[in-house]
Amino acid sequence: MKDLTELARALREATHVCVLTGSGISAESGVPTFRDAQQGLWARHEPTDLATPEAFARDPDTVWQWYRWRRRLVAEAEPNPGHHALAELASWHGNLALITQNVDGLHQRAGHPDVIEFHGNIHRNLCHREGKPVTVDDDTERPPTCPQCGAPVRPGVVWFGESIPQKALDAALDAAGSCELFIAIGTSATVYPAAGLAEIARDNGRSVVEINPDATPMSDHADLILRAPAGEALSALLQAIKD
Ligand code: APR
């Protein structure tokens, strides 16, 4: 309870807040985290073997079908209390930047404005040749072709080994560099450059908070830890703010 009260006070005092979320905040919506075992048909695949440009070049149909499976999974999922509480905290605070590593769009569906999508969005598709967004029917067995140039269409997400979209990277670095309070929620803090954002805040002498039921490499550098699931912690934080 002390930590919650302390975090509520820090939120009231911070003029700039930066929040980084990972797949843990969507776990309570039934969307498996990256480090969860893959389910069913996909149990024999590792995400790191599918979410790469090489995998798409080698076997576009399988990669495409994996994303189709994930899009269907996400379409059936609903934002959970963690997404909703965070959206309410953002609207209450007025200067909270949200960076998400998630591609599921659940923050937006919870009403969160201005989400910095660090790894893209699974509901967006791109021309594989031009890299431009394209509108296609993506509920297909094989990658559709680009309506403009006929090249294959790929999911609008950042694959391992690819760069973060420049606009998202610049916005995230600005938010992490200018915040007084950095809160990491539901991330294993293992994938860079996202995991490096907390280090920017820490190196600036800012407070770093971790909300996660499990320890991560960030835990030792956190000034405050809420060792709880995101839905429970964020709902309690919202209540503490209102009290
Ligand atoms: N609430 C909060 N955190 C949770 C919950 C929950 N209910 N359930 C699990 N977690 C935590 C796990 O303990 C873990 O630390 O969420 C974290 C999820 O870690 P990962 O599965 O590694 O997901 P993430 O950190 O988002 O991965 C980062 O790696 O695989 C790539 O591009 C992919 O964006 C992803 C990136």
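The values are calculated or read from the model by the stated rules, or taken from the named source; none is laboratory data. What you see is a predicted model; the values in this text were computed from it and never measured. Don't worry about glycine lacking a Cβ; one is built from the backbone with ideal geometry, like all the others, and counts go over all protein chains shown. Heavy atoms of the whole protein, side chains included, go into the accessibility calculation; ligands, DNA and RNA do not. Shrake-Rupley method; radii C 1.70, N 1.55, O 1.52, S 1.80 Å.
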Here the net charge surrounding TRP159, from other residues whose Cβ is less than 12 Å away from its Cβ (Lys, Arg +1; Asp, Glu -1), is -2
Vicinal HN-Hα couplings computed from phi for the range 108-117 (Karplus, 6.51 cos²θ - 1.76 cosθ + 1.60; Hz; Gly/Pro x) | 5, 5, 8, x, 6, x, 6, 8, 8, 8
Can you pull out the trypsin sites (Lys or Arg not before Pro) in the range 1-36 that DSSP calls coil and that have at most 15 other Cβ atoms within 10 Å?
-> ARG35
So what's the gap between the Cα centers of the range 4-36 and the range 127-149, to the nearest angstrom?
-> 33 Å
Cα axis of helix 230-242 to longest principal axis of the chain: angle in degrees, 0 to 90, nearest 10?
-> 40 degrees
For the Cα atoms of the chain, what angle does the longest principal axis make with the long axis of helix 2-13, in degrees from 0 to 90, nearest 10?
-> 80 degrees
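When the helix-only estimate is applied to the chain (DSSP H runs of n ≥ 4, each -39,500 (n - 2.57), divided by the residue count), what is the mean residue ellipticity at 222 nm, nearest 500 deg cm²/dmol? The partial results should precede the final answer.
Working: 10 runs with 94 residues, N = 243.
Estimated from H runs of four or more residues: -11000 deg cm²/dmol.
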The chain: relative contact order from alpha carbon pairs under 8 Å, six or more residues apart, as a whole percent, is 26 percent
Across the range 193-204, in residue order, what do the Karplus-derived ³J(HN,Hα) couplings come to in whole Hz, using 6.51 cos²θ - 1.76 cosθ + 1.60 with θ = phi - 60° and x for Gly and Pro?
-> x, 4, 5, x, 5, 5, 5, 4, 4, 5, 5, 7
Candidate lysines - alpha carbon under 30 Å from LYS2, same-chain residues fewer than 8 apart omitted = LYS242
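In debye to the nearest 20, how big a dipole does the range 2-149 give about its Cα centre with +1 on each Lys and Arg Cβ and -1 on each Asp and Glu Cβ? Before the final figure, lay out the partial values.
On the way: 15 positive and 21 negative charges, 25 e Å.
Dipole magnitude for the range 2-149 comes out near 120 debye.
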Once phi is turned into ³J(HN,Hα) by the Karplus curve 6.51 cos²θ - 1.76 cosθ + 1.60 with θ = phi - 60°, what whole-Hz value does each residue of the range 205-222 show in order, with x for glycine and proline?
-> x, 8, 7, 10, 10, 10, 10, 6, x, 10, 6, 9, x, 7, 3, 5, 9, 7
Any aspartates and glutamates with Cα under 17 Å of the LYS167 Cα? List them, leaving off those in the same chain fewer than 8 positions away.
-> ASP114, GLU117
Amide H contacts of ALA151 (H built 1.01 Å from N, under 5 Å, at least 5 apart or other chain) = CYS146
Among GLN239, ILE183, GLY150, whose Cα lies farthest out toward the positive end of the dipole of the range 112-243, if unit charges sit on the beta carbon of Lys, Arg (+1) and Asp, Glu (-1)?
-> GLY150
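Find, to one decimal place in angstroms, the Kirkwood hydrodynamic radius of the chain, where the mean of 1/r is taken over every pair of different Cα atoms and then inverted.
Details: mean 1/r = 0.0539 Å⁻¹.
Hydrodynamic radius (Kirkwood, Cα only) of the chain equals 18.6 Å.
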If each of GLU54 and THR5 carries a label point 7 Å out from its Cα toward its Cβ, how far apart are those two points in nm?
-> 5.4 nm
Here the net charge surrounding ASP138, from other residues whose Cβ is less than 9 Å away from its Cβ (Lys, Arg +1; Asp, Glu -1), is 0
How far, in degrees from 0 to 90, does helix 81-93 lean away from the longest principal axis of the Cα atoms of the chain, to the nearest 10?
-> 60 degrees
Residues whose placed amide H lies under 5 Å from that of ASN125, excluding near-sequence neighbours = VAL134, GLY156
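At 1.4 Å probe size, put SER91, SER188 in order of accessible surface, largest to smallest. Kindly include the intermediate steps, with their values, before the conclusion.
Details: SER91 95, SER188 45 Å².
Listed by decreasing accessible area, they come as SER91, SER188.
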For CYS179, the accessible surface traced by a 1.4 Å probe with all protein chains present amounts, in square angstrom to the nearest 10, to 0 Å²
Any chance you could check the Cα centroid distance between the range 76-106 and the range 173-243 for me, in angstrom?
-> 14 Å
